[in-house]
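Below is one structure; the comments refer to it alone.
What follows draws every value from the coordinates through simple rules; no lab data is involved. Because the structure is a prediction, the values reported are computed rather than measured. Note that we place each Cβ from the backbone using ideal geometry, even for glycine, and neighbour counts take in every protein chain shown.
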Amino acid sequence: AFLFFSVPLGEFLMPQMMQWTAEFTILALRLSGIPVFREGLQFVIPSGNWSVVEACSGVRYLIASVMVGVLFAYLNYQSTRRRLIFIAVSILVPVVANWVRAYLIVMLGHLSGNALATGADHLIYGWVFFGVVITLMFVIGARWSESPSVAQPISGTRRQVTRSQVPQNRLLWSVAVGAAALLVAPHVVLWSVVKSEIAGAPVLTAPATLASGWHASDQPIANWKPAFRGSAAEFNRTYSNGATAAGLYVGYYRHQDYAHKLVSSDNALVRSNDVVWSQVSAQSRSIPLDGATLTVRSAQLRDSGHASGASATRLVAWQLYWVNGTLTSSDQWAKAYAAFYRLLGRGDDAAVVIVYARADAAGGADAVLGSFLRENFSELKRRLASTRDGE
């Protein structure tokens, strides 16, 4: 079971842990008497600009700490209670330590006039700090170590094979056969699933016209494109209806694997290292569509290429997933639906649908996006289904 730690796991925690890190750092800075202006994961203090990126999330701290924490607990404790307590500590400590690390790095940069903790030493200080924290955790945990129970000597000079050992041998072989079956079964299932999937690449084209007078425009709303990688087909077009304009991005995925998958920490509206665009807010919205209420993820984006925030372009983007005909805005449910449909032999076709508009649009961006989706939602679903079916 310990080998499961070799499986990459934890990237789904990254957005939430980045949010926690930003909130703690900003709170600690304000308690230290430093004024902070925050927009999303970016914040400004008198000595410079800072942002919380993927490397600041603490996921790497957490993965490493839990693995060595489980090993330490197994080797140093005998009772299940103490083992579970130490494992819980190995989960909590790296999270809090990462918050403190982020705050200390910002303070080092601020107090040194950005001479320290702003380059490669930023990462070096972080890992040195993590090493110190883990060492202290082990030193403290060792104080409650339990000695292994002393084995009782076997009486007599010769072990006799009794009839009771025969069932044990049979049990051993039964477990071995069961383990072999568990190892082989997933490969058999995967082979049968892949064999039944559509072999060709999807054909996805941006429609020239949509419902209710919406038609493709050659004048883009902004020089922005969602940062989704590895799609089998995609388009990013602007549609206008009189003085109203909305952008539509669709990224279609088929034959998903580690490098080409819909839900990934690499896929986002804006990457944290983007030097032009930044995401400054995120929330969920419920909108009525086709007689039902659909939840979408809403975010506000800012063109950070401008020196002045007043002149910066701002966009409002709504995002949802289409997974083999099922709609959701949740990463977890999108993963679950994809696995379910693939096991049913219906393939892993899925897509991300993003609509966006300028925040200063007439009537408001939410009104523009709501109108665009209500009038074109059925057509979008039909086109995605046709792409899946190869029509």
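So here's what we get for this one:
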{"quantity": "Largest-first principal axis extents, alpha carbons of the chain, Å", "calculated": "98, 61, 35"}
{"quantity": "Vicinal HN-Hα couplings computed from phi for segment 213-226 (Karplus, 6.51 cos²θ - 1.76 cosθ + 1.60; Hz; Gly/Pro x)", "calculated": "x, 7, 9, 5, 10, 7, 9, x, 5, 7, 7, 9, 9, x"}
{"quantity": "Sites Ala185 and Leu289 - FRET efficiency at Förster radius 41 Å, r taken between beta-carbons, to 0.05", "calculated": "0.50"}
{"quantity": "Convex hull per residue volume in Å³, alpha carbons only, for segment 185-297", "calculated": "187"}
{"quantity": "Potential extension, Leu31-Phe5 segment - 0.36 nm per residue separation minus Cα distance", "calculated": "5.5 nm"}
{"quantity": "Estimated inter-spin distance, Ser212 and Ser147, nm [label 7 Å along Cα→Cβ]", "calculated": "7.9"}
{"quantity": "Unit charges at the beta carbon, dipole of segment 345-389: most positive-side option, Gly345, Ser378, Ala357", "calculated": "Gly345"}
{"quantity": "Shape call, segment 254-391: gyration tensor on alpha carbons, a/c limit 1.5", "calculated": "oblate"}
{"quantity": "Leading residue at positive end of dipole, the chain (Cβ point charges), from Tyr61, Trp322, Pro220", "calculated": "Tyr61"}
{"quantity": "Proximal aspartates and glutamates to Lys225, defined as alpha-carbon separation beneath 16 angstrom and excluding residues fewer than eight positions away on the same chain", "calculated": "Glu234, Asp266, Asp274, Asp303"}
{"quantity": "Selection from Val89, Gln78, Leu301, by position along the positive dipole direction of the chain (Cβ)", "calculated": "Gln78"}
{"quantity": "At least 30 Å along the helix axis (C-alpha) and Kyte average at least -1.0, DSSP helices within the chain", "calculated": "80-111, 120-142, 165-196, 365-389"}
{"quantity": "For segment 247-316, projected area of the alpha-carbon convex hull averaged over all directions, nm²", "calculated": "6.7"}
{"quantity": "The chain, relative contact order in percent, only Cα pairs under 8 angstrom and at least six apart counted", "calculated": "12"}
{"quantity": "Cα-based shape type of segment 1-150, given that a ≥ b ≥ c are square roots of the gyration tensor eigenvalues and the cut on a/c is 1.5", "calculated": "prolate"}
{"quantity": "Difference of contour (0.36 nm per residue) and Cα-Cα distance, Leu84 to Glu375", "calculated": "99.4 nm"}
{"quantity": "Expected-Rg normalisation [2.2 N^0.38 Å, Cα atoms] applied to segment 56-132", "calculated": "1.33"}
{"quantity": "Test item: Cα-centred dipole of segment 211-287, Lys/Arg +1 and Asp/Glu -1 on Cβ, debye", "calculated": "120"}
